[in-house]
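J.: I am attaching a structure below and will ask some questions about it afterwards.
The values are calculated or read from the model by the stated rules, or taken from the named source; none is laboratory data. In this text the structure is predicted, and so the values were computed from the model without any measurement. Here the Cβ positions follow ideal geometry from the backbone for every residue, glycine too, while neighbour counts run over all protein chains shown. Note: accessible area is taken over every heavy atom of the protein model, side chains too, but ligands, DNA and RNA are not part of it. Shrake-Rupley method; radii C 1.70, N 1.55, O 1.52, S 1.80 Å.
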Amino acid sequence: MTGRRVYIAGAGIISPLGSGLAATTEALRRNRSAIRPLDLFKLLSGEPLPVGQVDELEERAHLPRTHCLARTASLEAMADSVLPPEAVIVGTTTGGILTTEQLLRDQEQDKNAYRYHGLATVAEYIAGEVGCSGPALVVSTACSSGAVAIGMALEMLRRGEAVTVLAGGVDSLCRLTYYGFHSLQLVDREGCRPLDRDRHGMAVAEGSAMLLLTTEKPALPLAEIMGAGLSCDAYHPAAPHPEGRGARMAMEAALADAGLSPSDIDYISLHGTGTPENDLAEARAVNALFGTPPPVSSIKGATGHSLAAAGAIEAVVATIAVSEDLLPANTGWQHPDPALDLLPLTEPVNQPTMAVLSNSFGFGGNNGCLVVTRPESFSQPPRGQSSPCLAIHGFSALTGAGSTAATLALLAQGSPIGGTVDVDSVAKQLPPRLVRRLKRLPRMTLALAVEAREAAGLAEAPDAVFMGTGWGALSETYDFLTGLNNSNEQFPSPIDFVGSVHNGPAGQVAMLMGSTGANITMSGGDYSFEQAVLAADLVATDAEKNVLVVGADEAHLPLSPLFDLSVSPDAPLAEGGGAFCLNRRKEGAACLLRLPFYRQWTTANDIELLIESLGERGPLAGKYGLILAGIPAAAKEQGEEQLAFFLRLSGLKSPVLRYREFTGEFASASAVAAVMAASFLVSGKVPGNLAGAEDILPEDGPAAILVLGLGSYITAMEFLRP
Amino acid sequence: MSKRIEELKVKIIDILNLQDVDPEHFDENERLVGGPLGIDSIDVLEMVVMVEKEYGVVINSQEVGERVFSSIASLAQYIEENASGSKS
């Protein structure tokens with residue numbers, strides 16, 4: 001069976017090279033660097049370093065720069081489209097941080113001012129601008145985010161879960177990334193010279209690119225996306241594997257996914273950041289895989305490194321390469337580096353180009369490669385049947401009550417489990433060398449992952465890791481910005497910067513467990529864990545491989561009450577999460593997991609769609625022994641209305657448990673609810689104390705538990721007996 | 001000099017959170033980076049920030065860094081040689 005072809009119907013781009021596809025193509029032909037000293041924000045000390053800054057951005061009051069960049073690219077990509085896309089997937093690492101940095105400096109206490117801080121708001125805002133009411137997802141895998149977002153869209157389209165998806169990446173310049181990379185001594189004061197013998201680092205940049213992808217062949221497709229490959233170095237939080245092990249695996253996976261061999265590739269758009277280690281590792285990987293590589297170049301000497309946007313921007317460059325037969329030059333390169341043994345294009349070249357490999361690698365060892373081709377130039381490789389359900393083999397929870405056992409024991413008494421986690425005692429179970437640099441979120445994540453894996457008792461280590469977090473590593477982010485401010489911007493902490501990225505915790509899990517497969521961190525506010533499950537279901541299709549899915553969030557003062565609309569400054573804070581060790585094999589599984597529904601809330605009609613999707617595989621009446629309802633405090637009224645309507649319309653009589661009354665308010669509370677559901681199915685008993693009745697025994701009755709997410713999204717996870 | 005060494009041990013244990021190391025058993029001549037403590041390039045950069053902040057001594061090249069951070073003793077000596085009078 002061959003799958004559907006995925007066409008690029010539209011592309012939008014804004015970068016330091018200019019705004020729009022035409023301006024970008026023209027700039028690439030001119031081969032000039034747009035890198036220049038930063039003037040976007042005032043520096044308290046030091047001369048401005050060279051950056052890739054966007055000049056022509058139409059900004060909007062109260063809207064962070066990231067959102068404005070993504071808007072510009074999205075509107076261009078959608079310009080010729082009549083219908084809205086069915087899903088939006090955005091890769092971003094900065095979200096509204098540039099705005100937040102200033103608000104924190106001004107000691108702003110009004111949480112409304114921070115409403116666009118969260119990464120999730122970028123995809124939600126774009127979905128609103130283009131009229132998409134389906135899933136709006138955010139991938140945050142550092143510098144590979146844009147490529148990973150496009151890779152996920154490709155999978156969603158191939159499976160027929162959507163016909164059109166708008167996918168790409170965006171990041172804006174901000175103090176966090178500007179000073180962060182400076183603190184790592186990864187910035188070249190003389191601009192950026194990828195692959196050059198004298199290269200000294202990158203230029204931090206900004207920009208956005210979005211692709212409108214579709215399985216319905218447009219009249220004039222720009223290009224086709226034929227393959228995506230994801231991998232993780234599982235080596236170091238910030239440095240690449242010296243031989244480019246993960247880079248090579250991702251390139252190989254992308255080629256295999258496309259059904260192409262290295263000799264089919266006409267051009268490689270390198271990640272090529274200009275840092276000594278990255279370029280060396282990438283050159284080694286390219287040489288090892290290709291032997292005699294096709295023409296290669298990195299455009300980052302012209303654009304700088306726009307982080308989460310880079311993979312998407314370079315997917316657009318690959319699109320230009322196959323649609324215009326234009327291979328861009330490696331701007332800024334002058335001296336061959338014998339250690340690299342890889343010579344880039346020094347001038348733009350016009351030559352027939354059928355297939356391009358585009359590389360993106362990032363912090364946490366997160367790698368994403370894409371294969372972009374001229375439409376229908378190659379035959380498609382056969383693809384397997386759709387995968388069976390995710391099968392849960394082990395799980396773990398961490399809450400204010402403590403570990404899984406302590407959490408479940410308290411729940412059995414009908415007692416709340418909310419509160420903060422004793423992170424010091426959690427860390428005692430972990431190797432001290434591993435955790436010494438880690439703060440709350442990565443420690444909790446590692447503890448969850450270790451316990452879930454042990455509980456599963458599977459021989460093979462997890463291959464892939466999927467993480468959902470609403471807010472990421474708040475401690476590291478806050479400490480970095482505070483240290484920056486308190487030292488008059490002189491002494492930012494490199495350790496805190498490396499730890500501040502959303503995908504840091506999942507990268508740590510990969511390092512501990514040697515998980516070299518896909519490593520994806522999703523951020524979707526109160527629905528982040530559901531997004532991680534969605535990502536796992538899309539990407540982890542290999543029946544033989546085990547994966548970890550984790551949802552976790554830390555409580556932080558002062559940030560949690562400022563950022564999270566459901567967290568009140570007067571109520572006690574709550575944090576924690578849950579983790580699952582999964583594969584696709586039912587044998588020996590504790591229970592099965594499905595995610596039949598994930599949509600933005602728009603109208604009451606969404607409840608009808610939800611009921612339809614739940615009933616797809618059989619009658620709904622009597623299906624669920626319990627409904628765990630997630631209603632964030634900030635959406636209480638709306639969530640209650642949705643729930644009442646759902647119960648009325650479905651006729652379901654199952655007992656309903658509002659789990660946040662027990663877990664407390666935090667973004668990934670649904671991961672704890674998922675653990676509750678799994679444990680109730682395993683024990684065959686829902687404690688009567690919880691459901692306000694006698695013990696429910698699903699054993700002789702319903703064999704499923706439904707975990708509903710309500711509020712600004714409607715989501716459904718089903719836990720079923722194997 | 002020995003006072004500087006003892007001071008550096010405490011500071012490094014603190015900023016790198018070396019919980020299982022106590023200053024008395026921290027050998028100033030032992031290999032610091034890539035040695036048994038698992039200190040890597042990110043730790044070196046954190047120490048670079050500390051050295052600049054506390055002693056006004058700038059280390060901004062990898063070559064110098066590799067030499068200076070080979071041990072606590074060599075770091076102490078480098079600070080001694082390069083610190084401005086008011087701060088040493």
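J.: Among the numbered conditions (1) open to solvent by 20 Å² or more (accessible area, probe 1.4 Å); (2) farther than 27 Å from A:TYR125 by Cα, tell me where A:CYS581 comes up short.
T.: (1)
J.: For segment A:320-333, state whether one or more residues are part of a loop (DSSP other than H, G, I, E, B) and under 26 Å from the mean Cα position of the chain (by Cα).
T.: Taking segment A:320-333 and keeping what is part of a loop (DSSP other than H, G, I, E, B), we get A:325, A:328-333.
Next, from what is left, pick out any that are under 26 Å from the mean Cα position of the chain (by Cα): none.
Looking for residues that are part of a loop (DSSP other than H, G, I, E, B) and under 26 Å from the mean Cα position of the chain (by Cα), one finds none in segment A:320-333, hence no.
J.: Can you list residue pairs whose Cβ atoms sit under 9 Å apart, with the first residue in segment B:68-85 being farther than 14 Å from B:SER2 by Cβ and the second being open to solvent by 60 Å² or more (accessible area, probe 1.4 Å) and of a type in the set (A, V, I, L, M, F, W, C)? Count only pairs 6 or more apart in sequence or on different chains.
T.: B:ASN82/B:VAL58
J.: Right, another one. I need the helices (runs of 4 or more DSSP H) fully contained in segment A:596-666, keeping only those with at least 2 residues that are polar (S, T, N, Q). Let's see the steps before the verdict.
T.: On the way: elements: A:605-614, A:636-650, A:660-663.
The qualifying helices (runs of 4 or more DSSP H) are A:605-614, A:636-650.
Here's the yes/no breakdown for (1) within 14 Å of chain B (Cβ to nearest Cβ); (2) closer than 26 Å to A:VAL707 by Cβ; (3) open to solvent by less than 10 Å² (accessible area, probe 1.4 Å):
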residue: A:ALA506; (1), (2), (3): no, yes, yes
residue: A:MET511; (1), (2), (3): yes, no, no
residue: A:ASN519; (1), (2), (3): no, yes, yes
residue: A:SER523; (1), (2), (3): no, yes, yes
residue: A:SER528; (1), (2), (3): no, yes, yes
residue: A:VAL533; (1), (2), (3): no, yes, yes
residue: A:ALA536; (1), (2), (3): no, yes, yes
residue: A:ALA543; (1), (2), (3): no, yes, no
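J.: Return yes when A:HIS241 is closer than 17 Å to A:GLY507 by Cβ, touching a residue at least 40 places away in the same chain (Cβ under 8 Å) and surrounded by fewer than 24 Cβ atoms within 10 Å (Cβ to Cβ) and no when it is not. Full working, then the answer.
T.: Numbers: closer than 17 Å to A:GLY507 by Cβ: yes; touching a residue at least 40 places away in the same chain (Cβ under 8 Å): yes; surrounded by fewer than 24 Cβ atoms within 10 Å (Cβ to Cβ): yes.
So A:HIS241 fits the description; yes.
J.: Give the residues of segment A:543-568 that are touching a Gly at 6+ places or on another chain (Cβ under 8 Å) and either of a type in the set (D, E, K, R) or part of a helix (DSSP H, G or I) (or both), sorted by residue number.
T.: Result: A:LYS545, A:ASP553, A:PHE563, A:ASP564.
J.: If I go through segment A:221-242 residue by residue, how many of them are touching a Leu at 6+ places or on another chain (Cβ under 8 Å) and either within 14 Å of chain B (Cβ to nearest Cβ) or over 17 Å from A:THR516 (Cβ atoms) (or both)? Walk me through it before giving the result.
T.: Applying the first criterion (touching a Leu at 6+ places or on another chain (Cβ under 8 Å)) to segment A:221-242 yields A:225-229, A:238, A:242.
From what's left, either within 14 Å of chain B (Cβ to nearest Cβ) or over 17 Å from A:THR516 (Cβ atoms) (or both): A:225-227, A:238, A:242.
Matching residues across segment A:221-242 total 5.
J.: While we're here: I need every pair where a residue in segment B:17-40 that is more than 14 Å from every other protein chain (Cβ to nearest Cβ) has its Cβ under 6 Å from the Cβ of a residue that is of a type in the set (Lys, Arg) and surrounded by 13 or more Cβ atoms within 10 Å (Cβ to Cβ), sequence separation at least 6 or different chains.
T.: Close Cβ pairs satisfying both conditions: B:PRO23/B:LYS9; B:PHE26/B:LYS9.
J.: Just need a number here: residues in segment B:41-51 that are facing chain A (nearest Cβ under 7 Å) and either of a type in the set (D, E, K, R) or touching a helix residue (DSSP H, G or I) at 6+ places or on another chain (Cβ under 6 Å) (or both). Reasoning before the result, please.
T.: So in segment B:41-51, the residues facing chain A (nearest Cβ under 7 Å) come out as B:41-42, B:45-46, B:49.
Retained after the next criterion (residues that are either of a type in the set (D, E, K, R) or touching a helix residue (DSSP H, G or I) at 6+ places or on another chain (Cβ under 6 Å) (or both)): B:42, B:45-46.
Number of matching residues: 3.
J.: Next question. Without any contact (Cβ under 8 Å) to a residue 12 or more places away in the chain, within 14 Å of chain A (Cβ to nearest Cβ), open to solvent by 10 Å² or more (accessible area, probe 1.4 Å) and on the phi > 0 side of the Ramachandran plot: is that true of B:GLY56 in this structure? Can you show your working first?
T.: Values: without any contact (Cβ under 8 Å) to a residue 12 or more places away in the chain: no; within 14 Å of chain A (Cβ to nearest Cβ): yes; open to solvent by 10 Å² or more (accessible area, probe 1.4 Å): yes; on the phi > 0 side of the Ramachandran plot: yes.
Spelling it out, it is not the case that B:GLY56 is without any contact (Cβ under 8 Å) to a residue 12 or more places away in the chain, within 14 Å of chain A (Cβ to nearest Cβ), open to solvent by 10 Å² or more (accessible area, probe 1.4 Å) and on the phi > 0 side of the Ramachandran plot.
J.: What is the number of the single condition among (1) over 30 Å from A:LEU481 (Cα atoms); (2) touching a residue at least 40 places away in the same chain (Cβ under 8 Å); (3) part of a loop (DSSP other than H, G, I, E, B); (4) open to solvent by 10 Å² or more (accessible area, probe 1.4 Å) that A:ALA162 does not meet?
T.: (4)
J.: Moving to a separate point now. Kindly provide the set of residues from segment A:421-470 that are without any contact (Cβ under 8 Å) to a residue 60 or more places away in the chain and of a type in the set (Ser, Thr, Tyr), ordered by number.
T.: If the condition is that a residue be without any contact (Cβ under 8 Å) to a residue 60 or more places away in the chain and of a type in the set (Ser, Thr, Tyr), then A:SER425 is the only one that fits.
J.: If I filter segment B:37-56 for residues that are assigned to a loop (DSSP other than H, G, I, E, B), of a type in the set (D, E, K, R) and closer than 20 Å to A:GLN185 by Cα, do I get at least one hit? Show your work before the answer.
T.: In the first step, residues of segment B:37-56 are kept if they are assigned to a loop (DSSP other than H, G, I, E, B); the result is B:37-40, B:56.
Retained after the next criterion (residues that are of a type in the set (D, E, K, R)): B:40.
Remaining after also requiring closer than 20 Å to A:GLN185 by Cα: B:40.
Checking segment B:37-56: at least one residue is assigned to a loop (DSSP other than H, G, I, E, B), of a type in the set (D, E, K, R) and closer than 20 Å to A:GLN185 by Cα.
J.: Same structure again: Run A:ASP39 past the list (1) closer than 25 Å to A:ARG105 by Cβ; (2) surrounded by 19 or more Cβ atoms within 10 Å (Cβ to Cβ) and report the number of the one that doesn't hold.
T.: (2)
J.: Can you name the residue in segment A:494-504 that is within 17 Å of A:ALA579 (Cβ to Cβ) and in a loop (DSSP other than H, G, I, E, B) and is also nearest to the other protein chains (Cβ to nearest Cβ) among such residues? Walk me through it before giving the result.
T.: Step one: list which residues in segment A:494-504 are within 17 Å of A:ALA579 (Cβ to Cβ), which gives A:502-504.
If we keep only those that are in a loop (DSSP other than H, G, I, E, B) too, we end up with A:502-503.
Values: A:HIS502: 18, A:ASN503: 16 Å.
The qualifying residue nearest to the other protein chains (Cβ to nearest Cβ) is A:ASN503.
J.: Quickly run through segment A:17-32 and pick out the residues that are in contact with a strand residue (DSSP E or B) (Cβ under 9 Å, 6 or more places away or on another chain), open to solvent by 20 Å² or more (accessible area, probe 1.4 Å) and in a loop (DSSP other than H, G, I, E, B).
T.: In the first step, residues of segment A:17-32 are kept if they are in contact with a strand residue (DSSP E or B) (Cβ under 9 Å, 6 or more places away or on another chain); the result is A:17, A:19-21, A:23-29.
Next, from what is left, pick out any that are open to solvent by 20 Å² or more (accessible area, probe 1.4 Å): A:17, A:19, A:21, A:23, A:26, A:29.
Answer for segment A:17-32, where residues must be in contact with a strand residue (DSSP E or B) (Cβ under 9 Å, 6 or more places away or on another chain), open to solvent by 20 Å² or more (accessible area, probe 1.4 Å) and in a loop (DSSP other than H, G, I, E, B): just A:LEU17.
Conditions (1) under 19 Å from A:ARG29 (Cβ atoms); (2) modelled with pLDDT of 95 or more; (3) of a type in the set (Gly, Ala, Ser), marked per residue:
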residue	(1), (2), (3)
A:LEU289	no, yes, no
A:VAL296	yes, yes, no
A:GLY301	yes, yes, yes
A:ALA309	no, yes, yes
A:VAL317	yes, yes, no
A:LEU342	no, yes, no
A:ASN350	yes, yes, no
A:ALA355	no, yes, yes
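J.: Give the number of residues within segment A:446-493 that are of a type in the set (Phe, Trp, Tyr), open to solvent by 10 Å² or more (accessible area, probe 1.4 Å) and more than 14 Å from every other protein chain (Cβ to nearest Cβ).
T.: Start the filter on segment A:446-493 by keeping residues that are of a type in the set (Phe, Trp, Tyr), which leaves A:466, A:471, A:478, A:480, A:491.
Filter again for open to solvent by 10 Å² or more (accessible area, probe 1.4 Å), leaving A:471, A:478, A:491.
Checking which are more than 14 Å from every other protein chain (Cβ to nearest Cβ) leaves us with A:471, A:478.
Going through segment A:446-493 one residue at a time, the tally reaches 2.
J.: Based on what the data block shows, is B:GLU63 acidic (Asp, Glu), open to solvent by 50 Å² or more (accessible area, probe 1.4 Å) and within 13 Å of chain A (Cβ to nearest Cβ)? Break it down stepwise before answering.
T.: Values: acidic (Asp, Glu): yes; open to solvent by 50 Å² or more (accessible area, probe 1.4 Å): yes; within 13 Å of chain A (Cβ to nearest Cβ): yes.
Yes, satisfied.
J.: Among the residues in segment A:569-576, are any in contact with a strand residue (DSSP E or B) (Cβ under 7 Å, 6 or more places away or on another chain), at pLDDT 95 or above, open to solvent by less than 20 Å² (accessible area, probe 1.4 Å) and part of a loop (DSSP other than H, G, I, E, B)? Working first, answer last.
T.: The first filter runs over segment A:569-576 and keeps only residues in contact with a strand residue (DSSP E or B) (Cβ under 7 Å, 6 or more places away or on another chain), leaving A:575-576.
Next cut, at pLDDT 95 or above only: A:575-576.
Now narrow it down to the ones that are open to solvent by less than 20 Å² (accessible area, probe 1.4 Å): A:575-576.
In the following step, the residues that additionally are part of a loop (DSSP other than H, G, I, E, B) were identified as A:575.
Yes, segment A:569-576 has at least one match.
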